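The values are calculated or read from the model by the stated rules, or taken from the named source; none is laboratory data. Only a predicted model underlies this, so the values are computations on that prediction, with no experimental measurement involved. A quick note on method: Cβ atoms are made from the backbone with ideal geometry, for glycine too, and the neighbour counts reach across all protein chains shown.
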Amino acid sequence: MSEIIKTQAIVLSKINYSESSLIVSLFTKNNGLTSAIIKGGRRPKSKLTSVVDVLNFIQIILYKKESREIQIISSADLISYYPKIKSKIELTGYALAICELIKTLLVENESNELIFNGLVRILSLIENESEPPEVLFGRFLIFFVKEIGYELNLETCELCAAELKPNSRIGYISPSGFICSRCSEDKHMNDSELFNYLYCLKNRKKVNSFSEKIYMTGNQFLINYLKSHIESFKGLNSLTML
Ligand SMILES: [Zn+2]
């Protein structure tokens, strides 16, 4: 028996399949990560293909069969296509990196409305260039890491459990985590700028007082943090195009 699902979705990626079809990876609001086929999707003038395109926010009707790995899209309407993201390579790269993160680390057919809403929100912030895309990417990463169960501890020292205070001396020991003023003084460490930056990302505070160099350092730190917690995760290809 097949189930009819009407849901919003973001198109994460697409690949050619057979002579004339396409397979797309979608992150849907009601069914989570979903693979779907568009039969005849590679023929010119396919209306479905122009709507179900990478980095589009769409409303779809899906025929879902539990026994099938790839579902069928019966109709699709465009909600937003993020023209600015697609016109600037830097914005495209970060948006695709977020899509890749979702595709790589979430399991199929498990809905997660919080992550879906987070994705839609971050794409609209990137589209509006409310902050540099690397900062928005960092904001999404730190939120995503928490939602998939690997929340970054910025509250207590990994060695003595004392409270970590922003704007004080803070150290970092890989891979365990951040350590307090007293512990980092003993070890002659100072990773305060990184800590303060991550603290602002996590607590949704402004970051315009930081030097831009920290944006990339912060993102690299979060990617490495994910790698150290998830063995199968090898990083994001989309970031190498930037
Ligand atoms: Zn300590």
- Return the total of residues in the stretch 50-68 being loosely packed, with under 13 Cβ neighbours inside 10 Å and modelled with pLDDT of 90 or more. 1
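For every residue, the table says whether it meets (1) buried (at least 21 other Cβ atoms within 10 Å of the Cβ); (2) closer than 30 Å to N112 by Cα; (3) among the basic types (K, R).
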residue: L159; (1), (2), (3): no, no, no
residue: L194; (1), (2), (3): no, yes, no
residue: R204; (1), (2), (3): no, yes, yes
residue: I214; (1), (2), (3): no, no, no
residue: Q220; (1), (2), (3): no, yes, no
- Query: Only one residue in R204, R121 is closer than 30 Å to Y81 by Cβ, away from the ligand (no atom under 16 Å from the Cβ) and in a helix (DSSP H, G or I). Which one?
  - Reply: R121
- Task: Tell me which residues, restricted to the stretch 75-99, are in contact (Cβ under 8 Å) with a residue 60 or more places away in the chain and either more than 27 Å from L222 (Cβ to Cβ) or among the aromatic types (F, W, Y) (or both).
- Result: I79, Y94
- Selection from the stretch 156-179 of residues assigned to a loop (DSSP other than H, G, I, E, B), within 10 Å of the ligand (Cβ to nearest atom) and touching a residue at least 24 places away in the same chain (Cβ under 8 Å) yields C157, L159, L164, I170
- Message: Checking Y94 against (1) farther than 19 Å from P132 by Cα; (2) not in a strand (DSSP E or B): exactly one of these is not met. Which one?
- Response: (1)
- Starting from the stretch 1-20, take each residue that is in contact (Cβ under 8 Å) with a residue 60 or more places away in the chain and outside the structural domain of E113 (by TED's automatic domain parsing) and list its partners that are of a type in the set (F, W, Y) and outside any strand (DSSP E or B), counting only C-beta distances under 9 angstrom and pairs at least six apart or across chains. Q8/F116; I10/F116
- Message: Can you tell me which residue is nearest to the chain's Cα centre (by Cα) among those in the stretch 23-49 that are surrounded by fewer than 19 Cβ atoms within 10 Å (Cβ to Cβ) and part of a strand (DSSP E or B)?
- Response: S35
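Those residues that are among the β-branched types (V, I, T) and assigned to a helix (DSSP H, G or I), I need them from the stretch 97-118; list them, please.
Of everything in the stretch 97-118, those that are among the β-branched types (V, I, T) and assigned to a helix (DSSP H, G or I) turn out to be I98, I102, T104, I115.
Could you list, in sequence order, all residues of the stretch 180-192 that are crowded, with 18+ Cβ neighbours inside 10 Å and either farther than 23 Å from V207 by Cβ or within 13 Å of the ligand (Cβ to nearest atom) (or both)?
Of everything in the stretch 180-192, those that are crowded, with 18+ Cβ neighbours inside 10 Å and either farther than 23 Å from V207 by Cβ or within 13 Å of the ligand (Cβ to nearest atom) (or both) turn out to be C180, C183, S184.
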- Message: Going residue by residue through the stretch 130-144, is there one that turns out to be under 15 Å from L194 (Cα atoms), outside any helix (DSSP H, G or I) and in contact with a Phe, Trp or Tyr (Cβ under 8 Å, 6 or more places away or on another chain)?
- Response: no
